[in-house]
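J.: Starting off with a structure, shown below.
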């Protein structure tokens, strides 16, 4: 117990040094549980059998972070939460306070999370990315699909009018309207009014419009061009590996050549691509390095990789789960071993970007999207390259920029930049801060300080959509997002989720209540479904 108390005292001192904002309640007055730091600790989790909230215990064992929990009816469960305790502890130390949630959530008197979701007064974050499911139809039958598209037994495909309502829900959020929307499914390009939907999102003012796709339809250059003309900025391309051996296991058919065709098709349409591999230990984790190399080879089109460790749906034995469980620290380890590019010092949680957003908000004088997610949802870094030789020049940003000190400095700057009389001075201080912490002699060849600032403008400002013609891409986001399942569920992660689904009735759901835990996806789809043709 003394060790845990000492650790928390260190955290408090660090937060004072970083200038962390203290937020104790959501906008509607619901108390926010402070983020619990260190190990061991208890969390609110779920029983994998009955989904009731039960207590879980996180603790270190043989260098791993383990989760144990016991349901009084269904017994004891055990899982690997993170495979490396040091990265786990590092992630939670790079948070900069909580969000306040929404001022207009649909559910205003919730007392239980996640059962009363929709979203509610208990939620602490606003939407960084809004998901609109267009259909549960798909032209693949993937064993790893959490959407369960082809075996649901019904058709979920909102009408165009319902889609407009779903988009309006995202834009009507207060105090921060959603700027980024992703169309998902099923395979969203199968929706009969897909192009009209893209146009509608553009006309509603979404600055970032993307689609999560298997790439089959987008491998047609003519269709990809129509999508670009309708307003599509970005494709989250399902890409599990670089060999058909992998695709036969994860998607049930050879797909590697189709993925390459889709990349080329999207290049011609000037649409950015993010690779989205679902990673299963023992199935395709041996190709995470090759996926990165493929991204670097196509960095003119590929802007990032979002590795997604598999989330287990349905029942699975503990033995098989332990064999296949893949965590964010497994990803960091595999990328280090397979590429030689990374160290543990290169990885930070997405919530570490908060100081930059707060600084921009202070300068502009209005709220903006702030990624106040839980530190254990993600790990990421940016690779910078010389575009003439990206494979041999790639280097993590952490190796030529002093990230710990630049985060601290910007968080302090954000607290001072709100005064209109010193906004011009704040901009100068920001420039000086970047200059002070940028080590040009360690950067990839050709990456000058001014080019670095130019790249950052596109990375930090979501008002920037498709890149201008002739812009040279020198940065590649490399990250992992581990969505939860009922075995590794943590209710506090749900409350801080920033990736939200909207439904035809105007409700919003965090990703991990929609696709796991209470499984609101099934409830929403059944409510707004129609029988399959011929049934």
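J.: Among the residues in the stretch 201-215, are any over 23 Å from residue 179 (Cα atoms), touching a strand residue (DSSP E or B) at 6+ places or on another chain (Cβ under 8 Å), at pLDDT 95 or above and buried (at least 23 other Cβ atoms within 10 Å of the Cβ)? I'd like the intermediate steps shown before the answer.
T.: If we filter the stretch 201-215 for residues that are over 23 Å from residue 179 (Cα atoms), which is where we start, we get 214-215.
From what is left, the residues that are touching a strand residue (DSSP E or B) at 6+ places or on another chain (Cβ under 8 Å) are 214-215.
Next cut, at pLDDT 95 or above only: 214-215.
Filter once more, keeping what is buried (at least 23 other Cβ atoms within 10 Å of the Cβ): 214-215.
Checked against the condition, which is being over 23 Å from residue 179 (Cα atoms), touching a strand residue (DSSP E or B) at 6+ places or on another chain (Cβ under 8 Å), at pLDDT 95 or above and buried (at least 23 other Cβ atoms within 10 Å of the Cβ), the stretch 201-215 yields at least one hit.
J.: Considering only residues of the stretch 52-67 that are touching a residue at least 60 places away in the same chain (Cβ under 8 Å) and more than 24 Å from the chain's Cα centre (by Cα), which is nearest to residue 89 (Cα to Cα)?
T.: This residue is 56.
J.: Let me ask something else about it. Does residue 375 satisfy the condition of being in a loop (DSSP other than H, G, I, E, B) and in contact (Cβ under 8 Å) with a residue 60 or more places away in the chain?
T.: So residue 375 passes the test.
J.: Among the residues of the stretch 169-178, which ones are under 14 Å from residue 502 (Cβ atoms), surrounded by fewer than 23 Cβ atoms within 10 Å (Cβ to Cβ) and in contact (Cβ under 8 Å) with a residue 40 or more places away in the chain?
T.: The answer is 169, 172, 173.
J.: While we're on this one: Failed condition for residue 393, given (1) under 24 Å from residue 481 (Cα atoms); (2) surrounded by fewer than 22 Cβ atoms within 10 Å (Cβ to Cβ); (3) out of contact with any strand residue (DSSP E or B) (no Cβ under 7 Å at 6 or more places or on another chain), with all others met?
T.: (1)
J.: Let me ask something additional. I'm told residue 340 meets every condition in (1) more than 21 Å from the chain's Cα centre (by Cα); (2) under 24 Å from residue 235 (Cβ atoms) except one. Can you identify the failing condition by its number?
T.: (2)
J.: Looking at the stretch 211-224, I want the residues that are at negative phi and in contact (Cβ under 8 Å) with a residue 60 or more places away in the chain and have a partner that is surrounded by 21 or more Cβ atoms within 10 Å (Cβ to Cβ) and in a loop (DSSP other than H, G, I, E, B) with Cβ atoms under 6 Å, at least 6 apart or on another chain. Which pairs are those?
T.: 214/187
J.: Hey, any hits in the stretch 122-142 for a residue that's modelled with pLDDT under 95, outside any loop (DSSP other than H, G, I, E, B), more than 20 Å from the chain's Cα centre (by Cα) and under 30 Å from residue 196 (Cα atoms)?
T.: No - not one qualifying residue is present in the stretch 122-142.
J.: Between a residue in the stretch 312-328 that is outside any helix (DSSP H, G or I) and any residue that is modelled with pLDDT under 85, which pairs come within a Cβ distance under 8 Å, given they are 6 or more apart or on different chains?
T.: These pairs meet every condition: 313/146; 313/148.
J.: Looking at the stretch 147-187, which of the residues that are closer than 21 Å to residue 313 by Cα and assigned to a loop (DSSP other than H, G, I, E, B) is modelled with the lowest pLDDT?
T.: 148
J.: Could you tell me which numbered condition residue 514 fails, if it satisfies all but one of (1) buried (at least 24 other Cβ atoms within 10 Å of the Cβ); (2) over 29 Å from residue 77 (Cα atoms)?
T.: Exception for residue 514: condition (2).
J.: Mind counting the residues in the stretch 1-43 that are modelled with pLDDT of 90 or more, surrounded by 15 or more Cβ atoms within 10 Å (Cβ to Cβ) and more than 26 Å from residue 66 (Cα to Cα)?
T.: Qualifying residue count, the stretch 1-43: 4.
J.: Just one of 427, 445 is out of contact with any strand residue (DSSP E or B) (no Cβ under 8 Å at 6 or more places or on another chain) and either surrounded by 15 or more Cβ atoms within 10 Å (Cβ to Cβ) or at pLDDT 85 or above (or both); which is it?
T.: Exactly one residue qualifies, and that residue is 445.
J.: Considering each of 482, 437, 471, 500 in turn, give the residue that is modelled with pLDDT of 95 or more and surrounded by fewer than 22 Cβ atoms within 10 Å (Cβ to Cβ).
T.: When all the criteria are applied, what remains is 437.
J.: Which pairs have Cβ atoms under 8 Å, sit 6 or more apart or on different chains, and link a residue in the stretch 271-298 that is at positive phi to one that is assigned to a strand (DSSP E or B)?
T.: Correct list of pairs: empty, since none qualify.
J.: If you don't mind, there's one more thing I want to ask. Of the residues that make up the stretch 322-334, is at least one surrounded by fewer than 18 Cβ atoms within 10 Å (Cβ to Cβ) and either within 17 Å of residue 452 (Cβ to Cβ) or in contact with a helix residue (DSSP H, G or I) (Cβ under 6 Å, 6 or more places away or on another chain) (or both)?
T.: no
J.: Is at least one residue of the stretch 264-280 more than 25 Å from residue 232 (Cβ to Cβ) and at pLDDT 95 or above?
T.: Yes, the stretch 264-280 contains a residue that is more than 25 Å from residue 232 (Cβ to Cβ) and at pLDDT 95 or above.
The values are calculated or read from the model by the stated rules, or taken from the named source; none is laboratory data. Because the structure is predicted, anything quoted here is derived from the model rather than measured. Methodologically, a virtual Cβ is constructed for each residue, glycine included, from the backbone with ideal geometry; neighbour enumeration extends over all protein chains shown.
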